[in-house]
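The values are calculated or read from the model by the stated rules, or taken from the named source; none is laboratory data. Not measured: the values here are computed from a predicted model. Here Cβ is always computed from backbone atoms with ideal geometry, including for glycine, and neighbour counts include all displayed protein chains.
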Amino acid sequence: MQIRDISISYEWFDSIEELDHVAQDLCKEAVIALKSSHSPYSEFRVGVAVLLESGRIVYGSNQENVAYPSGLCAERVALFTIGSNYPEEKILSMAITAQTDRFEINEPVTSCGACLQVMAEYEKKQLHPVDVIFYCINGAILRTRGIKSLLPFAFTETRLKK
């Protein structure tokens, strides 16, 4: 038997002002993405803004459905939009934020496991890490350089290729 350790690295910022201007702008774009959230059941809005290598920004927001499994998280909405409309563009970074009127969000909200797996797939596809910024509006920011810090055991089976 062996015991192995995993070490992850991330950056923590106390406010948006500590980020570089590109990251600040992307966080502000994620807030704009909240407006298209369809979340009448959870009342928990999530918005994401994804910066592509061309400078284009792609938005995503969570889309709920009364049949809960039929909804989709903001991250996957944005990533699948990119996969469908800009398949050759490299994803540089993405900012994710959340908002609700039901309670105060005091720390960055991170992505669910399904979204992390999809993020890992896109990162693998482009052979380049994605800068992920989790932005708490009027609060702290968590940033990682690549999905491995978020999902160290991502499913990346290479033998499934034909």
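Observations on the model:
- Checked against (1) at pLDDT 95 or above; (2) loosely packed, with under 13 Cβ neighbours inside 10 Å; (3) in a helix (DSSP H, G or I), LYS125 passes all but condition (1).
- Single match in PRO87, PRO108, PRO69 (criterion: modelled with pLDDT under 95 and on the phi < 0 side of the Ramachandran plot): PRO69
- Residues satisfying the stated conditions in region 138-153, i.e. surrounded by 16 or more Cβ atoms within 10 Å (Cβ to Cβ), in a loop (DSSP other than H, G, I, E, B) and either at pLDDT below 90 or touching a strand residue (DSSP E or B) at 6+ places or on another chain (Cβ under 7 Å) (or both): ALA140, LEU150
- Exactly one residue among SER84, SER61, SER93 is of a type outside the set (D, E, K, R) and out of contact with any helix residue (DSSP H, G or I) (no Cβ under 7 Å at 6 or more places or on another chain), and that residue is SER84.
- Of the numbered criteria (1) touching a residue at least 60 places away in the same chain (Cβ under 8 Å); (2) of a type outside the set (A, V, I, L, M); (3) closer than 14 Å to ASP131 by Cβ, the one GLN99 fails is (3).
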